[in-house]
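Trainee: Here it is: the structure, laid out below.
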Amino acid sequence: MMKIAMIPARYAASRFPAKLMQLLGGKTVIRHTYDNTVATGLFDEVVVVTDSDIIYKEIASNGGKAKMSVREHESGSDRIAEAVAHMDVEIIVNVQGDEPFVQREPLQKLLDVFNGMGGEKVQVASLMQVLKEPQFIADPNYVKVAVDRNMNALMFSRSAIPYHRDQQVNPVYYEHIGVYAFRKQALMNFTSWPVTPLEAAEKIECLRYLEYGVPLKMIVTQYMGIEIDTPEDLLRAAELLK
């Protein structure tokens, strides 16, 4: 199977404009993400797909591969779908540009679910990690996911799910990590569907898969570092590099 990693990269992020060009330990966030994805050695190709000349030049001038989007896009998935539409590829991994600490082991686990027993039935997969800190569980910037016994997603929300009503029960909270893998056709289907009600309400694009009845396989990872959504996240990430 030809496997590629695509890194959608917007310059004008609503919560933290120009976050991908912020310096983190002497290198921009987007270069950390790109370089660490390449360093996994898992992919036939790694490409940053962007709407920004600034981000394009940042990657290309440092020896990386970047591609400019032709059209405006609402989501990273739409941006990737445009880029891969005419490529002969089976598995596409969407690594968010704001994941500077991406590592090999979680991405290997993500790719592995498409192989072996039952692998042919998997269309979309994503990563999650256990979330323990109460302030992060309550924070809408941290997307939570609830799963069934087969580790398929039941619901994604910016609210704390499950709601902790029974204090005798200790629920496990999972943070959704915005790294996806999909078969090409599943991605192309996704981008042909209109935005769905839950997706529009939560501003979480993967809810579209669930609302159209496509199972989303979740894989638990122990560590994916810090996703850069806010200036505070950037400060926390800088501490990890010390």
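Trainee: Restricting to region 76-127, name every residue that is of a type in the set (S, T, N, Q) and in contact (Cβ under 8 Å) with a residue 24 or more places away in the chain.
Mentor: Of everything in region 76-127, those that are of a type in the set (S, T, N, Q) and in contact (Cβ under 8 Å) with a residue 24 or more places away in the chain turn out to be Ser77, Asn94, Gln96, Gln103, Gln108, Gln123, Ser126.
Trainee: Quick one: count up the residues across region 79-108 that are assigned to a helix (DSSP H, G or I) and open to solvent by less than 30 Å² (accessible area, probe 1.4 Å).
Mentor: Final tally of qualifying residues: 7.
Trainee: Suppose we filter region 22-75 for residues that are touching a residue at least 12 places away in the same chain (Cβ under 8 Å) and assigned to a strand (DSSP E or B); how many remain?
Mentor: 11
Trainee: Let me ask something else about it. Only one of these conditions is not met by Thr40: (1) touching a Lys or Arg at 6+ places or on another chain (Cβ under 6 Å); (2) under 18 Å from Ala186 (Cβ atoms). Which number is it?
Mentor: (2)
Trainee: Looking only at region 41-62, count every residue that is more than 14 Å from Met6 (Cβ to Cβ) and open to solvent by less than 50 Å² (accessible area, probe 1.4 Å) and tell me the total.
Mentor: Counting residues in region 41-62 that are more than 14 Å from Met6 (Cβ to Cβ) and open to solvent by less than 50 Å² (accessible area, probe 1.4 Å) gives 3.
Trainee: Considering (1) under 29 Å from Met1 (Cα atoms); (2) open to solvent by 20 Å² or more (accessible area, probe 1.4 Å); (3) touching a strand residue (DSSP E or B) at 6+ places or on another chain (Cβ under 9 Å), say which one Glu120 fails and leave the rest.
Mentor: (3) is the only condition that Glu120 fails.
Trainee: Let me ask something else. Is one or more of the residues making up region 181-188 touching a Lys or Arg at 6+ places or on another chain (Cβ under 9 Å) and touching a residue at least 12 places away in the same chain (Cβ under 8 Å)?
Mentor: yes
The values are calculated or read from the model by the stated rules, or taken from the named source; none is laboratory data. Everything numeric here is computed off the predicted structure, so don't read it as measured data. Ideal geometry is used to build each Cβ from the backbone, glycine not excepted, and the neighbour counts take in all protein chains shown. Side chains are part of the model used for accessible areas, which takes the heavy atoms of the whole protein and leaves out ligands, DNA and RNA. Shrake-Rupley method; radii C 1.70, N 1.55, O 1.52, S 1.80 Å.
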